[in-house]
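Taking it in order: structure first as structure tokens, then the write-up.
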Amino acid sequence: MREVLERLLPLQPLFSDASTPDMRERGRLLNEGIRPWLADRAPLLNAELPFPIADLEVGSSDGIGRRSRIPWARVHSAGHSPNATSGWYVVLLPHAWGECAYLCLIQGAMDEQNEHPRPVAELERRGRWARAQLSDHLRTRPDLLHAIDLGAPKFKRAKAYEVSTALAFGYPAGAVPAESVLEADLAFLLGALSALYREEEDVPERVFLTPADRRAVRRRAVEVTSELLRDQGYEVSDMGGTRPYDLHARKPGSRVFVLARGTTEPSADIEVDLTADEAAVRPNTLLSIVTAVKVDPTTGTVSGGTPHLHHNWHPDPTRLIPLTYRYRV
């Protein structure tokens, strides 16, 4: 692999979209060198993961018809990423001028017709989501890159690949590392890819929600619940995080302490996160679950939501699940 990369990178400055001898050689190195290396190593490394990817596949392309400025070879799940325009996958990308190569964890950058890049804001948000899910994983590799530069700002696909990349390892021309390093980097990114796929399987409706998105969804739940209670004649005070409940609502003969939670899912049959104070039994507690909150993938703005009210709610201790512990050393 090291030798193949070192032979491919000098061909990048000789790019032509026609089938020149240099481009035919580049395609041969990609399809007969890099792709077989990935097809040989990836299944072995995948089998050692805590949660192997069941439908792992390998593919490559240096252009359909005309040659592409940035050829690629990728490792992916057939189900999660059936083509290079959708889902998350690991891909090898050479710099447009052969200065380096990148091994990336990337998302589908182009639209379904493979003609136009997806909106930059959408790609950036998904990248932030991925890094948030992998935050503990990332601490073990300080050499990771969170951005790449393919050296072709006027080439829309190259720019889209840059924005779509969540994580990467860089290999300078003339200093591509040993096979063992390349294998270790591939193993690391396959582990990250497996983790993202599991996140998608566990919470499909909430995929790509960043921490800021989740805060906005909860804030939307508070707003929707407030509107409903005011329509019911309550005077509503927003506690703004100063109390172990979100809203204090009262009207003659009634006073309630409101916990509001939101979800993008259509069903109110969900798990909710509670602090220890919020989980404490308190009389006159109202739990409001606001379902089907919409999050705009480009702007992050939230809208909609259907409230489901649980009056006189108190948590069943047998259904509380401890998530963190404090330990004094």
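None of the figures in this text is laboratory data; all of them are computed from the coordinates on show. Just so we're clear, the structure is a prediction, and the values are computed from it rather than from any experiment. Cβ: placed from backbone, ideal geometry, glycine included. Neighbour counts: every protein chain shown.
List of remarks:
- On Cα atoms only, tilt of 211-231 relative to the major axis of the chain in degrees: 30
- For the chain, adding -39500 (n - 2.57) for each run of n ≥ 4 DSSP H residues and dividing by the number of residues yields -10000 deg cm²/dmol at 222 nm.
- Beta bridges per DSSP with both ends in the range 217-329, % antiparallel, nearest 5: 75
- Excluding exposed DSSP-loop trypsin sites (Lys or Arg not before Pro) (at most 16 other C-beta within 10 Å), longest clean stretch of the chain: 155-325
- Candidates 129, 37, 88, ranked by Gaussian network fluctuation over the chain, Cα under 10 Å, top entry: 37
- The range 141-191: proportion of alpha-carbon pairs further apart than 13 angstrom, %: 64
- In Å, descending, principal axis extents of the Cα set of the range 2-206: 48, 37, 29
- Vicinal HN-Hα couplings computed from phi for the range 159-170 (Karplus, 6.51 cos²θ - 1.76 cosθ + 1.60; Hz; Gly/Pro x): 5, 5, 4, 4, 5, 7, 7, 8, 8, 7, 10, x
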